[in-house]
Amino acid sequence: MRTRRPPAEPPRTPRRKAPKAATSAVVGEPAGDVTAESDGGAAAAATPGLPPKVVAAVTEPAAPAAIPDLPPVVGQTVAEPTPESAVPVAAGGAGSSPRPARPSGRLLTRLLLAPIRLAGRHLWITIAAGSAVLCALLGWLLGNGLAQYFEAQGMDDERAFLLTAMVLVILATAVVGAASRRPAPTRVGGLVGFMGIQIVPFLVRAANQPAIAGIKYQQNILGWILQPLGMLLLALIAVVVGAALGVGLARDATHLPSFFRRRRFWPAIPVAMALVVFASGAAVTALQNGPLSALRIISVNRGPTAVLPSTPTPTASAGSPVVVPAPTPDISILRELPGEVSYLTIANRQVDVYVPGVYYAVPGLSLPVIYLLHGTPGQPVDWLTGAQLAGYLDQLIGNGTMPPTIVVLPNGNTVQSTDTEWGDSSSGQVESWIVNQVVPSIYLQYHTLGAAYRGIAGLSSGGYGAVNIAFQNPTVFSWAGSYSGYFVGHAATFGSEWKANSPLYTASSVPVSERMPLYLGAGSTDYDFKPDTVTFAATLTGLDWPDVDFQTVPGGHGWVAWTPEMVQSFTMLGKLWGPEPWLTPGSQLQTPPSEAGAGHVSSMGDL
């Protein structure tokens with residue numbers, strides 16, 4: 001018995017799958033016979049609330065005219081393969097229409113948008129790469145100008161490069177973090193960018209650092225490892241600060257515990273803490289002295305290797321008594337003894353003093369004295385760490401390049417300012433402290449040869465201060481040296497007295513009889529301070545200054561240039577003073593400086 005049932009609602013098919021589903025029926029082909037199971041089918045159809053049992057069968061194709069009123073039934077119908085010329089029917093069983101062809105403009109649009117879609121699929125890598133590229137771009141656009149600004153403030157070039165890289169990384173990560181709202185890839189890209197603009201160029205400069213003739217040193221392998229780690233630690237601080245500015249520090253703080261808990265990074269925390277501890281010292285060294293100072297270890301003398309010769313006993317001639325002279329120490333051997341660094345307190349301020357080993361080996365031996373002035377920002381310990389002064393002095397004294405010399409390292413910083421320019425100003429009476437207190441105290445504390453063998457030198461602003469103090473006090477110092485210094489005082493420090501504290505203008509007022517020998521050095525790539533040194537040297541030449549040694553060395557405004565300049569100046573002193581100046585007739589008969597000033601030291605207090 002045939003029964004006619006209401007057409008069932010066709011199932012919904014996704015748009016992309018509609019052509020595939022429609023291939024089960026072809027226009028003009030019946031779906032087959034729908035048959036109820038004999039009598040039971042009628043009963044089932046008559047029972048209310050129960051759906052009829054439908055059995056879909058595959059039958060032979062019937063003529064379309066036999067059942068013109070039956071709608072197509074979508075069921076488990078197995079259809080024959082549809083020929084390519086057949087037109088598919090829509091999923092709803094309605095009429096069919098051919099699929100429209102894509103316009104040619106859409107293909108061009110897809111090609112143009114392909115990079116954007118690719119970046120969207122790899123968003124993490126895209127953000128990290130963008131952060132690194134922005135660091136490189138900022139380094140190219142702003143790096144040189146910012147580094148020169150830091151150098152103009154008196155900072156050495158290595159620290160200027162390091163601070164410049166940190167500032168640029170902070171700026172780049174802040175911009176990318178604010179745009180992406182994703183701190184993790186932003187930080188990773190910032191670290192990669194820091195390596196590209198700071199660590200890699202630093203390693204190249206370090207590998208090409210020139211050797212100094214006559215100086216023995218060995219590579220510090222640990223320094224080559226720790227200094228990049230220390231700079232990476234500084235870079236990590238920079239990218240955290242930059243990402244915090246862009247994304248927000250609160251979000252980072254709240255996600256940090258879940259980050260470690262989710263990724264199970266807890267076993268790596270002790271290792272990370274150990275690396276931070278080891279790298280912290282290197283980071284401080286890099287900021288204080290520049291990272292290059294830790295890559296070489298200057299060999300320090302271990303003492304004389306030969307036995308001191310004994311003075312032979314002279315034979316007596318007939319009728320004359322035997323005169324046994326006092327033993328003469330062999331200075332050529334004793335000068336190989338390593339020196340020591342001691343500390344004095346003058347006017348409640350600490351002063352570092354290097355004393356050569358021969359001074360303690362020969363009681364009563366009087367020696368020359370050199371005062372070395374640090375730069376700005378800086379402190380006396382910079383000479384001992386950044387320059388490794390003790391090692392250089394041990395070698396130069398030991399091989400006879402310079403005589404055994406006491407070297408004094410005063411502190412030019414005051415409670416008012418760290419940029420005093422070593423003068424008398426509202427920032428402190430630093431020049432008066434050195435001339436009236438430090439010099440007399442050293443003269444009374446140690447056996448020295450007096451003003452004829454007393455020199456003063458410095459680096460950067462210390463070079464300016466050394467020449468200015470020597471010109472203001474030509475009877476106190478007999479030699480002066482400038483390592484990449486300048487020669488015009490700043491009005492911000494001296495006010496209306498800036499010209500009176502400018503060696504470029506006061507050189508002509510120094511009496512001809514009191515014009516001391518000068519050493520002037522500058523780095524070949526020190527574009528801020530080298531022109532000042534060239535101009536000053538030309539001014540002295542025009543004044544017929546008796547002895548000026550002007551040298552240009554490889555490097556910029558940093559220890560790469562300051563160290564060879566220091567060695568050259570000490571070599572100049574060795575030629576001026578001789579290997580054993582205490583043997584010069586009358587050298588120990590110098591009148592001491594103002595003892596009244598020295599006696600007033602303990603009551604002066606802080607500057």
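The values are calculated or read from the model by the stated rules, or taken from the named source; none is laboratory data. Every value quoted in this text rests on a predicted model; they were computed, and no experiment measured them. Methodologically, a virtual Cβ is constructed for each residue, glycine included, from the backbone with ideal geometry; neighbour enumeration extends over all protein chains shown.
Restricting attention to region 461-469, does a residue exist that is of a type outside the set (Ser, Thr, Tyr), assigned by TED's automatic domain parsing to the domain that holds Arg349 and over 34 Å from the mean Cα position of the chain (by Cα)? No, there is no match, as no residue in region 461-469 is of a type outside the set (Ser, Thr, Tyr), assigned by TED's automatic domain parsing to the domain that holds Arg349 and over 34 Å from the mean Cα position of the chain (by Cα). Annotation: Val89 fulfils all but one of (1) modelled with pLDDT of 65 or more; (2) of a type in the set (A, V, I, L, M, F, W, C); (3) touching a helix residue (DSSP H, G or I) at 6+ places or on another chain (Cβ under 8 Å); the unmet one is (1).
Taken as a whole, region 349-371 holds no residue that is over 15 Å from Tyr446 (Cβ atoms), touching a Gly at 6+ places or on another chain (Cβ under 8 Å) and either in a loop (DSSP other than H, G, I, E, B) or in the same structural domain as Asn473 (by TED's automatic domain parsing) (or both). Picking from residues in region 215-236 that are in contact (Cβ under 8 Å) with a residue 60 or more places away in the chain and surrounded by fewer than 18 Cβ atoms within 10 Å (Cβ to Cβ), the one that is nearest to Arg205 (Cα to Cα) is Trp224. Every condition in (1) in contact with a Leu (Cβ under 7 Å, 6 or more places away or on another chain); (2) in a helix (DSSP H, G or I) is met by Ala179 except one, and the failing one is (1). Taking the conditions (1) in contact with a Cys (Cβ under 9 Å, 6 or more places away or on another chain); (2) surrounded by 24 or more Cβ atoms within 10 Å (Cβ to Cβ) in turn, Gly196 satisfies each one other than (2).
Determine whether region 426-439 contains at least one residue that is under 31 Å from the mean Cα position of the chain (by Cα), of a type in the set (Phe, Trp, Tyr) and within 25 Å of Met155 (Cβ to Cβ). No, region 426-439 contains no residue that is under 31 Å from the mean Cα position of the chain (by Cα), of a type in the set (Phe, Trp, Tyr) and within 25 Å of Met155 (Cβ to Cβ).
Residues of region 550-571 that are in contact (Cβ under 8 Å) with a residue 60 or more places away in the chain and either assigned to a helix (DSSP H, G or I) or assigned by TED's automatic domain parsing to the domain that holds Met155 (or both): Trp559, Val560, Ala561, Trp562, Thr563, Pro564, Glu565, Met566, Val567, Ser569, Phe570, Thr571. For Ile397, indicate whether it is hydrophobic (A, V, I, L, M, F, W, C), assigned to a strand (DSSP E or B) and assigned by TED's automatic domain parsing to the domain that holds Thr584. No.
Exactly one residue among Val407, Val415 is surrounded by 21 or more Cβ atoms within 10 Å (Cβ to Cβ) and over 26 Å from the mean Cα position of the chain (by Cα), and that residue is Val407. In a residue-by-residue description of region 413-436, the property of being outside any loop (DSSP other than H, G, I, E, B) and farther than 30 Å from Ala500 by Cα applies to no position.
Taking the residues in region 384-397 that are closer than 18 Å to Thr571 by Cα and in contact with a Leu (Cβ under 8 Å, 6 or more places away or on another chain) as candidates, determine which candidate is surrounded by the most Cβ atoms within 10 Å (Cβ to Cβ). Here the residue is Leu389.
This table checks each residue for (1) touching a residue at least 40 places away in the same chain (Cβ under 8 Å); (2) under 19 Å from Leu142 (Cβ atoms); (3) surrounded by fewer than 24 Cβ atoms within 10 Å (Cβ to Cβ).
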| position | (1), (2), (3) |
| --- | --- |
| Val169 | yes, yes, no |
| Ala172 | yes, yes, no |
| Val175 | yes, yes, yes |
| Val204 | no, no, yes |
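Taking residues in region 376-390 that are over 17 Å from Glu151 (Cα atoms), and partners anywhere that are of a type in the set (Ser, Thr, Tyr) and not in a helix (DSSP H, G or I), the pairs with Cβ atoms closer than 7 Å and at least 6 places apart or on different chains are Leu389/Tyr354; Ala390/Tyr354. Of note, Phe494 satisfies the criterion of being at pLDDT below 95, under 22 Å from Asp424 (Cα atoms) and of a type in the set (Phe, Trp, Tyr).
Within region 342-364, the set of residues being in contact with a helix residue (DSSP H, G or I) (Cβ under 6 Å, 6 or more places away or on another chain) and either surrounded by fewer than 20 Cβ atoms within 10 Å (Cβ to Cβ) or aliphatic (A, V, I, L, M) (or both) comprises Ile346, Ala347, Val358, Ala361.
No other residue among Ala492, Ala522, Ala538 is outside the structural domain of Glu151 (by TED's automatic domain parsing) and over 33 Å from the mean Cα position of the chain (by Cα) apart from Ala538. hydroxyl-bearing (Ser, Thr, Tyr) and out of contact with any Ser or Thr (no Cβ under 8 Å at 6 or more places or on another chain), is that true of Ser425? When the stated conditions are applied, Ser425 does not pass them.
Checked against the criteria, Ala238 counts as assigned by TED's automatic domain parsing to the domain that holds Ser280 and assigned to a helix (DSSP H, G or I). Output yes when any residue across region 449-470 is in contact with a Leu (Cβ under 9 Å, 6 or more places away or on another chain), in contact (Cβ under 8 Å) with a residue 60 or more places away in the chain, surrounded by fewer than 22 Cβ atoms within 10 Å (Cβ to Cβ) and outside any strand (DSSP E or B), and no when none is. Checked against the condition, which is being in contact with a Leu (Cβ under 9 Å, 6 or more places away or on another chain), in contact (Cβ under 8 Å) with a residue 60 or more places away in the chain, surrounded by fewer than 22 Cβ atoms within 10 Å (Cβ to Cβ) and outside any strand (DSSP E or B), region 449-470 yields at least one hit.
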